[in-house]
1. Which FRET efficiency, nearest 0.05, do B:Leu35 and B:Leu202 yield, Cβ-Cβ r, R0 30 Å?
2. Normalised by the residues of chain B, what does the relative contact order come to in percent, with Cα pairs under 8 Å and at least six apart?
3. If you average over every viewing direction, what projected area does the convex hull of the Cα atoms of region B:27-146 give, in nm²?
4. Applying 1/(1 + (r/R0)^6) with R0 = 22 Å to the Cβ-Cβ distance of A:Ala143 and B:Glu76, what FRET efficiency is obtained, to the nearest 0.05?
5. Please identify every one of the trypsin sites (Lys or Arg not before Pro) in region A:113-215 that sits in a loop by DSSP and has no more than 16 other beta carbons within 10 Å of its own beta carbon.
6. Please give me, ordered by residue number, the trypsin sites (Lys or Arg not before Pro) of region B:96-161 that lie in loop per DSSP and have at most 12 other Cβ atoms within 10 Å.
7. Measure out, as a whole number of angstrom, how far apart the alpha-carbon centroids of region B:164-221 and region A:129-193 sit.
8. Counting only C-alpha contacts under 8 Å and six or more residues apart, can you give the relative contact order of region B:134-221 as a whole percent?
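The numbers here are math on the coordinates, done by the rules we state, and not lab data. These numbers were taken from a predicted model, which means no experiment stands behind them. Here the Cβ is made from the backbone with ideal geometry for all residues, glycine too, and neighbour counts use every protein chain on show.
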Amino acid sequence: MMPALDAGIFHYATRVMELNAKELACERGGRIVFRNVALSLKPGQLMQLTGPNGSGKSSLLRLIAGLNEAQAGVIALEGGDAELTIGQQAHYIAHQEAVKTALTVHENLAFWRDFMGGGDVEEALAAFDLTRLSSYPAGLLSAGQKRRLALARLLLAPRVLWLLDEPTVGLDTASLARLAKVMAAQLDRGGMIIAATHVPLGREPDLRLDLGVAA
Amino acid sequence: MKLLLALIRRDLALSLRQGGGAGTALGFFLAVVVLLPIGIGPDQALLARIAPGALWISLLLSVLLSADRIFQQDYEDGSLDIMTMGPVPFELVALAKAAAHWLSTSLPLAIAAPLLGFLVNLEPQAILPLAASMVLGSAALSLLAAVGAAVTVGLRRGGLLVSILVLPLYVPVMIFGLSASQPGAAPGLTTASLLILAAITLVSLVVSPLASAAALRSYLK
């Protein structure tokens, strides 16, 4: 079991970790989306993933999460828990928000907390300014609020790797700042973030990967 | 374990709030059972003879009515993606979702069906064996429905396809369910049929999570 999320005390880097990928190739429906992609990410590093539409940003994130199969190449989280897949040590925020409209905001998060075996729903709600909406049905939320609810899932359980697919879509300025703060905390804890976005994330990424060039 | 209970609880809450679960299936079941005597005519002896079969067929159809929704919504809103990244094997997630379907749809139907038997002149001594066989068999029905639902999860309007895929698998359940609940059956036949029904349910319990999880994984890729 991982320790409860408690910024300041908790730190991931009990071991030296590194996410490595080599010679990755991805094929979707018979079309080679990208090939020969390599990346290396160390604790505390933020990687920004860019590239034109259809260059495979989402595919690469799904590949790392274990949701797609690589056509070639290897991905490894060195120093991670050998008994868990990379996906089980990562948070994945996609375009689809995995929000149930018939449940309240609080119930949505409470389910994911139980599912992830994680921590504090109130804290996660507060971090994205959703406390006021906590008893509302998620179906009444605006697009940006739904996005914040999806992002709040990041804080339910400490996972070393965050895979964010266009995390800023629909967010207002205040929410962007909150996201930046949450991401900074994750990096300070020794976490790693890969974000596919063309929007500034509130801090300079440590690494950039342009799939348009790599392909 | 706590995690799977949370998943079952969530699915039950969803099926209660969104409708389309137990309510719709029960309504459909009631409609079939009410229409049947009207269609067949007022021959009470004939009705009593076909009552168990009529109730079983209504049960199968009602269970199938909501079968395609077992995984569909979670697939469409991305929840299934996240569930593959949970701390438990995906097979257990598939099992929990089938269990939620059983608790929300098949089990209430299996309990209500023998009680609604009076509408088709079900003999009183057949009520108990019918209830026993339906409760046992309904678990197999939900587990098999989950496989069909997983195989068709990415298809729009996959409901009909689920029925076509799953109905053949339902045949053994119905045969032994019926032979357990036949009025005036030979002594020992009821017990033997119930045991075979239990065996079918246990096999489904093992095969269904493996098959559903494999089908869902290939869809997510």
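1. For B:Leu35 and B:Leu202, the calculated efficiency is 0.30.
2. Once normalised by length, the contact order is 27 percent.
3. About 7.8 nm², averaged over all directions.
4. So, using R0 = 22 Å, E works out to roughly 0.85.
5. A:Arg203
6. Sparse-neighbourhood loop trypsin sites (Lys or Arg not before Pro): B:Arg156, B:Arg157.
7. 44 Å
8. So the answer I get is 46 percent.
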